[in-house]
């Protein structure tokens, strides 16, 4: 089985189509096409100093996006008794300009009317977008440090009804958990975040950045038995069930699929990862290597650019009994991590589960749920999406290596790896 679990980009079609004529097109979190609206508590309970801290936090979590008319546009609402539009949606078309605008917001003061602020965003700010038909994600982040003095339920329900994803960030011990849950999308474990106070809010910076990126990059929801989740599912996306021969799986009740030398598992990357890869994801393959596949070196999975350069890959070497992870790099075209120990049994002809947990600065390998090794990564660049994604190919060739893949678990979601 091949599947993905993502921790936590979508590109505007017009510029992408134009760029295709000139060469490869990168896609990732930074190039997401978002309308992102921050709804920030400016009531008396926050105070001048903490409000400045909140502004800096907004700057920090926005830094991962390319701020422009083609990609992410940002608006900021400050609220107390009434909402005040501090930054209109899309007014600033560059990161430096947006940062300066956020820094110049002055503290409002007053009571806490969170519901009114959410309604203002839904009725006035999101509809003001000049590219409503092209935007892929409409996201609101509500930051509050106390219980609202008005109702938040109706406005929050209307936001979700209009396809707006709402995150709720509660700061301090005066917040009401039930209110945050009412504001945010479900599940609350994904869309509700907590900070002890404003002095420690930066501790949830990484989590907030990841969740925003996840919401931006993960593809459309995949129908999975008994639930509806966002994520990648390579078995279905690569049409393996249709192209490969069905065989008994690792469990009596589960099916598996055998790839032969004549099976070509190749798809356009834009169809598999239309918004690129997120900065954190989990690659999982339940497979059996027999015959030549247990002796050869081949890419179990790879993403190629238009010019056939590797953007991401998981490579198996039966000769050396190693697993290699390849990804992009900023200082060099690619960076390669070779796991040299701990994978001998992967090549013994039996069913095994290979798992790679990829984070922005680290990749961790597992075999049959046993931790093998953690390795530090350099910063990566977004992948090119107008090439090909392939499964079970000889290194540097289009020849398929025979391999069996299991379909034992239907788990593929954009969520925290557990």
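The values are calculated or read from the model by the stated rules, or taken from the named source; none is laboratory data. These figures come from a predicted structure and were not determined experimentally. Neighbour counts run over all protein chains shown; Cβ positions are idealised from the backbone, glycine included.
Scanning segment 140-178 for residues that are touching a strand residue (DSSP E or B) at 6+ places or on another chain (Cβ under 8 Å) and in a helix (DSSP H, G or I) returns 156, 159, 160, 177. Do we have residue 98 as out of contact with any helix residue (DSSP H, G or I) (no Cβ under 8 Å at 6 or more places or on another chain) and either within 12 Å of residue 41 (Cβ to Cβ) or part of a helix (DSSP H, G or I) (or both) here? Spelling it out, it is not the case that residue 98 is out of contact with any helix residue (DSSP H, G or I) (no Cβ under 8 Å at 6 or more places or on another chain) and either within 12 Å of residue 41 (Cβ to Cβ) or part of a helix (DSSP H, G or I) (or both).
For segment 31-55, the set of residues classified as in a helix (DSSP H, G or I) and over 18 Å from residue 100 (Cβ atoms) consists of 31, 48, 49, 50, listed by residue number. Just so you know, in segment 334-359 the residues that are surrounded by fewer than 19 Cβ atoms within 10 Å (Cβ to Cβ) and within 20 Å of residue 29 (Cβ to Cβ) include one that is modelled with the lowest pLDDT, and it is 359. What residue, among those in segment 319-341 that are in contact with a strand residue (DSSP E or B) (Cβ under 7 Å, 6 or more places away or on another chain) and not in a strand (DSSP E or B), is farthest from residue 385 (Cα to Cα)? Checked segment 319-341; the qualifying residue farthest from residue 385 (Cα to Cα) is 319. Of all the numbered requirements in (1) within 17 Å of residue 208 (Cβ to Cβ); (2) crowded, with 24+ Cβ neighbours inside 10 Å; (3) modelled with pLDDT of 95 or more, residue 53 misses one, and that requirement is (2). Among the residues of segment 284-294, at least one is under 21 Å from residue 396 (Cα atoms) and part of a loop (DSSP other than H, G, I, E, B).
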